[in-house]
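Reviewing the structure listed below.
The values are calculated or read from the model by the stated rules, or taken from the named source; none is laboratory data. Being a predicted model, the structure only gives us computed values, none of them experimental. These accessible areas exclude ligands, DNA and RNA; they are computed on the full protein's heavy atoms, side chains included. Shrake-Rupley method; radii C 1.70, N 1.55, O 1.52, S 1.80 Å.
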Amino acid sequence: EFLIMSIKIALLSTQEQIISDVREMVSGDNVVAYVFNNPHKLSVQTPLLLEEDKDDFNDNRSVQVSLTPWILVTSDKDVPVSPSNVVALVEPLTSVREMYEEKVNADD
């Protein structure tokens, strides 16, 4: 049985951040797998700042986010992942969710 979740960012035990439409595969009360649909690896880069620029930068940290298919050499859209490999599931920022949706829709 599948329980619908939504677009989430999964932090894996490998420290990879994967954005995907996530569903839970359950048996009874137990989650036996998370199924990632169209998983993409999130890469986040923060700009490097010179010491003298840091005062002007304050806490409005801008980051650059890029998305690449998580497993490049497969045509599978659904990838089951063991719950023991998932450290956390979190809501993406709206801008990151929109970026993911645009990329996935463009790939179809």
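In this structure, the amide hydrogen of Ala33, modeled 1.01 Å from its nitrogen in the peptide plane, lies closer than 5 angstrom to those of Met25, counting only residues at least 5 positions away or on a different chain. Ordered by 1.4 Å accessible area with all protein chains kept, Ile19, Ile7, Ile71 run largest first as Ile71, Ile7, Ile19.
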